Amino acid sequence: MSAIIKQIEMGKTNAYLIKSEKGYILVDAGMPGESDKIEKVLVENNISLKDIQLIIITHVHYDHVGSLSVLKDKTGAAVLVHEKEKEFLEKGKTDFPEGTVFISKLISKLSNLISESKFKAVNPDITIKDNYDLKQYGVNGEIIHTPGHTRGSISVIINGEDIICGDTLFNFMPHSVYPPFANDKKQLIKSWKKIEKYNCKRFYPGHGSIFTKEKFIKTLAKKAKKLDA
Ligand SMILES: [Zn+2]
Ligand SMILES: [Zn+2]
């Protein structure tokens, strides 16, 4: 069972394509108005919209679900989300998480004010609570619950080596993969420790470029020390 992960860069956010034995799985769906960027990558790779069987949403923030409604209609794919995010997806709105540093605290406040956090509501087909096996989709992989950035954040592990982690890890800065926003910072580090146990080699974040285990381990060591102090 092989699964190739293709990164779709869409300005601010990444989406990923997983090749399965039966078709494709899309992880995340970009900002509003970005479905054409995903469709372009599909065309370039000779993939039809109908080949997408499942759309996994790492968490319900507008920059990851903005084009979900359009893509769900065009692909007919089932949409999977954690049960703690379901309500936000159905409402088409999320409260922005709290900032972890001063500047993001400010952005968080402003974002809620200008309601940039709105997107077209979608009713999910599958909601999960904890681990979810992707074998039925022809993929050697599983979904794990990694709360912290949001309560229902999930990550997708493929072949025990690659992890698509949404905003649980951010790759914006040279020496850290700590996200600028988190609803629960303690829980976030707990989830990082959970991820550490899977010993994945490559990390595929919702923002920034793909990075290796070393960068994750270094940031985790720094943050865990701070929490213990
Ligand atoms: Zn994001
Ligand atoms: Zn987010």
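Can you send over the carbon and sulfur percentage of the accessible area for the chain, probe radius 1.4 Å, protein chains only?
Details: 5640 of 10800 Å².
C and S fraction of accessible area: 52 percent.
Kindly give Rg over Rh for the chain, based on alpha-carbon atoms, with the Kirkwood expression for the hydrodynamic radius.
Details: Rg = 16.4 Å, Rh = 17.5 Å.
Taking Rg over the Kirkwood Rh, I get 0.94.
At 1.4 Å probe size, what's the solvent-accessible area of Arg202? Round to the nearest 10 Å².
The value for Arg202 is about 90 Å².
Give me the accessible area per residue for the chain, probe 1.4 Å, as a whole number in Å². Show your work: numbers first, answer last.
On the way: 10800 Å² over 229 residues.
Here the residues of the chain average 47 Å² of exposed surface.
For the chain, with a Gaussian network of springs between Cα atoms less than 10 Å apart, report the residue from Asp130, Asp167, Asp63 with the top mean-square fluctuation.
Of the options given, Asp130 has the highest mean-square fluctuation.
Do the alpha carbons of any pairs in Lys50/Lys218; Lys19/Lys84; Lys12/Lys222; Lys86/Lys185; Lys22/Lys93; Lys84/Lys105 sit beyond 29 Å of each other, and which pairs? Walk me through the numbers before you get to the answer.
Details: Lys50/Lys218 41 Å; Lys19/Lys84 27 Å; Lys12/Lys222 26 Å; Lys86/Lys185 22 Å; Lys22/Lys93 33 Å; Lys84/Lys105 23 Å.
Lys50/Lys218; Lys22/Lys93, as the Cα separations exceed 29 Å there.
Once label points are set 7 Å from the Cα along Cα→Cβ at both Lys93 and Lys105, what is their separation, rounded to one decimal in nm?
Roughly 2.5 nm, to one decimal.
Springs between alpha-carbon atoms under 10 Å, Gaussian network over the chain: tell me which of Lys197, Lys185, Lys74 tops the mean-square fluctuations.
Looking only at Lys197, Lys185, Lys74, the biggest GNM fluctuation is shown by Lys197.
Of all DSSP beta bridges located in the chain, what percent are antiparallel, nearest 5? Provide the component values of the computation, followed by the final result.
Details: 25 of 40 bridges.
Here the antiparallel bridges make up roughly 60 percent for the chain.
If you stretched the chain out fully between Val41 and Ser209, how much longer would it get, using 0.36 nm times the residue separation minus the C-alpha to C-alpha distance? The partial results should precede the final answer.
Working: separation 168, 0.36 × 168 = 60.48 nm, distance 1.72 nm.
Here the segment from Val41 to Ser209 would lengthen by 58.8 nm.
I need the phi-derived Karplus couplings for the stretch 62-67: 6.51 cos²θ - 1.76 cosθ + 1.60, θ = phi - 60°, integer Hz, Gly and Pro marked x.
4, 7, 10, 10, x, 9
Which value in deg cm²/dmol, rounded to the nearest 500, describes the helix-derived mean residue ellipticity at 222 nm for the chain, given -39,500 (n - 2.57) per DSSP H run of n ≥ 4 and division by the residue count? Write out the running numbers ahead of the final one.
Working: 7 runs with 70 residues, N = 229.
It comes out at -9000 deg cm²/dmol, rounded to the nearest 500.
Per-residue counts of other Cβ atoms within 10 Å, averaged by peptide: what ranking do you get for 76-88, 50-62, highest first?
Numbers: 76-88: 19.8, 50-62: 23.9.
My ranking of the peptides, most packed first, is 50-62, 76-88.
Grab the other residues whose beta carbon is less than 10 angstrom from that of Thr58, score K and R as +1, D and E as -1, and report the net. Intermediate values should be presented prior to the final figure.
Details: positive: none; negative: Asp28, Glu85, Asp167.
Computed value for this residue: -3.
Once ligands and nucleic acids are excluded and a 1.4 Å probe is used, how much of Phe119 is accessible, expressed in Å² to the nearest 10?
So the heavy atoms of Phe119 present about 20 Å² to solvent.
The values are calculated or read from the model by the stated rules, or taken from the named source; none is laboratory data. Keep in mind that this is a model prediction, so the values were computed, not measured. For neighbour counting, all protein chains shown are included, and Cβ atoms are generated from backbone atoms with ideal geometry for every residue, glycine included. Just so you know, the surface numbers come from the protein's heavy atoms only, side chains and all, with ligands and any DNA or RNA stripped out. Shrake-Rupley method; radii C 1.70, N 1.55, O 1.52, S 1.80 Å.
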